[in-house]
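Enquirer: Below: one structure in structure tokens.
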Amino acid sequence: MNKPTPAASDIFAALAGQWSLERDLGDVGRFVGDVTFEKAEPTKPEILRYREEGFLTRPDGKRFDGYREYDFVLHKDPAAIELLFRDPLSFGNRYVMLQFGEDATDGLCARDIHPCGEDFYHHCMIWQDDDYFETKIKITGPKKDYLLHSIYRRKQDD
């Protein structure tokens, strides 16, 4: 028996909480850290603040700490989750708009493309279930050509 396909609102609600993150950056290295999705403001339940923090380890062994933040905004019409930048240069601008519905071999997929100068970020979020999802971001352009593959696992309460 097939389980029902979750709506964008179901996926959005399931994101809240603590996650572990492992990101393969190809030749650049590997990022490992923690992610928190929490309500940005009590009066705005349709916005979750995303914050990742952790360490990038390069192939030469050098290690750097880092973080990234986005706002995840739930839209009803069309049903989608929009990711907005929180960095000072692009604050509030759209990164991608994810509309779920495409079946992938390993989950439910949402895709969008973000242009950044002459480069393009081909973003794919693959929702497996309430405890596991992935993103695959293929970056192409005159100066960039690599894949960021991130795996998110819900942290279990101790």
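Enquirer: For the chain, modelled as a GNM with alpha-carbon contacts under 10 angstrom, which of Pro142, Pro45, Pro78 fluctuates the most?
Expert: Of Pro142, Pro45, Pro78, the most mobile in the Gaussian network model is Pro142.
Enquirer: For Cα extents along the principal axes in Å, pick the label among (i) 53, 34, 28; (ii) 77, 37, 33; (iii) 45, 42, 39 that corresponds to the value derived from the coordinates.
Expert: (iii)
Enquirer: Moving on. If you put +1 on each Lys and Arg Cβ and -1 on each Asp and Glu Cβ, how big is the dipole of the range 8-154 around its Cα centre, in Debye rounded to 20? It would help to have the intermediate numbers written out before the result.
Expert: Details: 20 positive and 28 negative charges, 88 e Å.
With only Lys, Arg, Asp and Glu charged at Cβ, the dipole is about 420 debye.
Enquirer: Taking Cα pairs under 8 Å and at least six residues apart, what relative contact order does the range 8-154 come out at, in percent? Please report the intermediate quantities before stating the final value.
Expert: Numbers: 354 pairs, mean separation 27.4, N = 147.
Normalised by residue count, the contact order of the range 8-154 is 19 percent.
Enquirer: Label-point separation (nm) for Asp145 and Met97, each offset 7 Å from Cα along Cα-to-Cβ?
Expert: A separation of 3.1 nm, rounded to one decimal place.
Enquirer: Follow-up. Could you please report the charge total around Leu25, scoring K, R as +1 and D, E as -1 over all other residues with beta-carbon less than 14 angstrom from its beta-carbon? Don't jump to the answer; show the numbers that get you there.
Expert: Numbers: positive: Arg23, Arg30, Arg58, Lys62, Arg63, Arg68, Lys136, Lys138, Lys144; negative: Glu22, Asp24, Asp27, Glu52, Asp60, Asp145.
Neighbourhood net charge equals +3.
Enquirer: In what sequence do Leu148, Leu89 fall when counting other Cβ within 10 Å, fewest first?
Expert: So the ranking, lowest neighbour count to highest, is Leu89, Leu148.
Enquirer: Counting only helical runs of four or more DSSP H residues, what would the 222 nm mean residue ellipticity of the chain come to if each run contributes -39,500 (n - 2.57) and the total is spread over all its residues?
Expert: On the way: 1 runs with 8 residues, N = 158.
Calculated mean residue ellipticity at 222 nm is -1500 deg cm²/dmol.
Enquirer: Quick check: net charge around Leu56, other residues with Cβ under 15 Å of its Cβ, Lys/Arg +1 and Asp/Glu -1? Write out the running numbers ahead of the final one.
Expert: Working: positive: Arg23, Arg30, Arg58, Lys62, Arg63, Arg68; negative: Glu22, Asp24, Asp27, Asp34, Glu52, Glu53, Asp60, Asp65.
Overall, the nearby charge balance is -2.
Enquirer: Which net charge results when you count Lys and Arg as +1 and Asp and Glu as -1 among the other residues whose beta-carbon is under 11 Å from that of Ala16? Intermediate results must be reported in sequence, preceding the final value.
Expert: On the way: positive: Lys39, Arg49, Arg154; negative: Glu38, Asp130.
Surrounding charge for Ala16 is +1.
Enquirer: Cross-link list Lys76/Lys144; Lys76/Lys136; Lys62/Lys136; Lys39/Lys62; Lys39/Lys138; Lys62/Lys144: which exceed 27 angstrom alpha carbon to alpha carbon?
Expert: Among Lys76/Lys144; Lys76/Lys136; Lys62/Lys136; Lys39/Lys62; Lys39/Lys138; Lys62/Lys144, the Cα-Cα distance tops 27 Å for Lys76/Lys144; Lys39/Lys62; Lys39/Lys138.
Throughout, read-outs are computed from the coordinates displayed, never taken from laboratory work. None of these values were measured; they are calculated from a predicted model. Every residue, glycine among them, receives a Cβ derived from its backbone with ideal geometry; neighbour counts consider all protein chains shown.
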